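Below is one structure, written out as structure tokens; comments come after it.
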Amino acid sequence: MRFYLFFILTIGLLSACSLPGTQTESEWADGVGTGNTVQFQNASVSISVPKTWTETKGSDLPSPKHGVIVTAYVSPDVKYWFSNNIIVMQDTLENIVTSEKYSELNNLQTMRNYLEYTKLQDIPFTFSDAEISRLYVFEARYNQTTPKMQFIQTARVCGANVYLLHVSLSLDKSPTNYIELLKSFKCK
């Protein structure tokens, strides 16, 4: 739940990024596992990301109030000064909770932190290793000057840690392939 404040800072920073790229995002639209994705992995987790996206180094991102950024990737496609992006954040749980319950509670906090918030989907979500959570797709804007964007959020509990998976998209993108990417998230 503590990640919601960090979203405002991080997404603002990532939305201002304009990274060079020679391939378009649609080239990975065939989905996960087709050679158009690569694996991010560290000692604790792994997730598939589009091959053409660029990892943003932690030193280029603001530090969250709680927890840490595990990784962030930014699309090479820039439209209206915005690049689609994915962020994985980690925090230590204070209480034992399921992935599904954490995702629900996080969404309640998230709703309160936007000027506009329109929920598009609130669905049961199953990771590729059968862990159950909830997934939220919504359109929102932070304030009067930021554009409305589309977001996808879910959470995954791994032992005493929770990982918040957050995708920011322009409104013209379908969330389908990005949801498939999130399914690939695994705890080690």
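The values are calculated or read from the model by the stated rules, or taken from the named source; none is laboratory data. Being a predicted model, the structure only gives us computed values, none of them experimental. Quick reminder, even Gly has a Cβ in these numbers, built from the backbone with ideal geometry, and neighbours come from all protein chains shown.
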Mind checking whether some residue in region 127-147 is among the aliphatic types (A, V, I, L, M), buried (at least 21 other Cβ atoms within 10 Å of the Cβ) and farther than 26 Å from Ser46 by Cβ? yes
When you scan region 163-182, do you find a residue that is of a type in the set (Lys, Arg) and either closer than 18 Å to Trp53 by Cα or in contact with a Ser or Thr (Cβ under 8 Å, 6 or more places away or on another chain) (or both), even just one? yes
Where in region 39-92 are there strands (runs of 3 or more DSSP E), lying fully within it, with 3 or more residues that are free of Cβ contacts under 8 Å to residues at least 60 places away in the same chain? 68-79
List every residue pair whose Cβ atoms sit under 6 Å apart, with the two residues 6 or more apart in sequence or on different chains, where the first one lies in region 97-124 and is in contact (Cβ under 8 Å) with a residue 24 or more places away in the chain and the second, anywhere, is in a loop (DSSP other than H, G, I, E, B). Ser99/Glu131; Leu105/Met1; Asn106/Met1; Gln109/Met1; Leu115/Asn143
Among the residues of region 130-149, write down those that are at pLDDT 95 or above and either within 16 Å of Glu180 (Cα to Cα) or among the charged types (D, E, K, R) (or both). Ala130, Glu131, Ile132, Ser133, Arg134, Leu135, Tyr136, Val137, Glu139
Any idea how many residues of region 167-186 are modelled with pLDDT of 95 or more and either among the charged types (D, E, K, R) or part of a strand (DSSP E or B) (or both)? 3
Identify, please: which residue in region 86-116 is under 24 Å from Asn177 (Cβ atoms) and touching an Asp or Glu at 6+ places or on another chain (Cβ under 8 Å) and is, among those, modelled with the highest pLDDT? Ser99
Quick one: would you say Tyr163 is touching a residue at least 60 places away in the same chain (Cβ under 8 Å) and in a strand (DSSP E or B)? yes
Exactly one condition in (1) within 28 Å of Asn143 (Cα to Cα); (2) in contact with a Phe, Trp or Tyr (Cβ under 8 Å, 6 or more places away or on another chain); (3) modelled with pLDDT under 90 is false for Asn36; which is it? (1)
Only listed residue being under 16 Å from the mean Cα position of the chain (by Cα), among the polar types (S, T, N, Q), modelled with pLDDT of 95 or more and surrounded by 21 or more Cβ atoms within 10 Å (Cβ to Cβ), chosen from Gln153, Gln121: Gln153
Going by what's in this entry, would Glu104 be described as out of contact with any His (no Cβ under 9 Å at 6 or more places or on another chain), outside any strand (DSSP E or B) and surrounded by 16 or more Cβ atoms within 10 Å (Cβ to Cβ)? yes
